[in-house]
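Laboratory data are not the source of any read-out in this text; all were calculated from the coordinates shown. What you see is a predicted model, and the numbers here were worked out from it, not measured in a lab. Cβ atoms come from the backbone with ideal geometry, glycine included; neighbour counts cover every protein chain shown.
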Amino acid sequence: MNSLYFQSAARSAIGLVRNGNEDGALTHPRLLAVADGMGGHAGGEVASSIALLVLARRAAIFLDQEVDQDSADDLFNSSIEDIDEALKEASDEDPDLVGLGTTLTSLFIRDNKLALLHIGDSRLYRIQGTTIEQLSVDHTVMQELLAAGTIEAKDVAEHPQRSMLTQALMGAGSLSIGLHLFDAHDSDRFILCSDGLSGVLDDQKIFSLAQSLSPDDAVTALVDAAYVQGAPDNVTVIVADIATGQPRDENLELFGTALL
């Protein structure tokens, strides 16, 4: 059976309001990730950079085809603990970085299986045919209120707690984040994004812009649309199709944050 891999494009843009870019992204034929940093001073840039760099180092192990599937998934999952420890070390060493943190949404493919590692409010969408589905669940106060039926979706945009996270990587330890495992199909398209995109474009708008374009053109269309809406935050997008066979290269690329 031919192996499946990601054929992807990515972009991380500063937006129209922010002075710096606290987002970052990572792409590889078998690994994708988006991180959205937060914190005073340079904390956000440092946090998202640490998350992606630690994940990239750990990937050298779990992407090895000699590692069995279960072990690879375990190593992928436990990378979140390494990231959290690295964030703690950074904040311990530099008082200016106290309070740093980052989201992380990452997708790993092995054979025909996908593993989603997710914390925070960056998102993973899947497009299949004429439908778009959000596969990640936002770790936010808004999501908890929506799930409880306390508010309706129409109330989110104006809610004073609309940006408040309930979980993020902040070097605090005691994380319990499980992988979401599901099958890959060669007709699937995935979109990973920071809330700089999902905060200004609804799911159907994202679908309409990304459905039929190439990954490169879809990334451009999505980022341009965020700018049309004022781009009040950094905007990071990966669009990835499932491809069959062997990728032309196995390069790992990093996008975005100032320290990369």
Using a Gaussian network model of the chain with C-alpha springs under 10 Å, which one of Arg11, Arg57, Arg30 is most mobile by mean-square fluctuation? Arg57
Kyte-Doolittle at least 0.5, axis length at least 15 Å by Cα - qualifying DSSP helices, the chain: 43-62, 215-228
Highest first, please rank the peptides 210-222, 178-190 by the mean number of other Cβ atoms sitting within 10 Å of their residues. 210-222, 178-190
Value at 222 nm in deg cm²/dmol, rounded to 500, when DSSP H runs of n ≥ 4 in the chain each add -39,500 (n - 2.57): -9500 deg cm²/dmol
Would you work out which of Met170, Ala90, Leu254 lies farthest towards the positive end of the dipole of the chain, given +1 charges on the beta-carbon of Lys and Arg and -1 on that of Asp and Glu, about the Cα centre? Leu254
Where does each of Val228, Val54, Val235 land when they are ranked from fewest to most other beta-carbon atoms within 10 angstrom? Val228, Val54, Val235
Would you give the gap between the C-alpha center of the range 23-44 and the C-alpha center of the range 169-193, rounded to a whole Å? 14 Å
Treat every Asp and Glu Cβ in the chain as -1 and every Lys and Arg Cβ as +1, leave all other atoms uncharged, and give the resulting dipole magnitude about the Cα centre to the nearest 20 debye. 560 debye
Taking semi-axes √(5λ) of the Cα gyration tensor in Å straight from the coordinates, which label in (1) 31, 27, 19; (2) 25, 23, 18; (3) 31, 19, 17 is the correct one? (2)
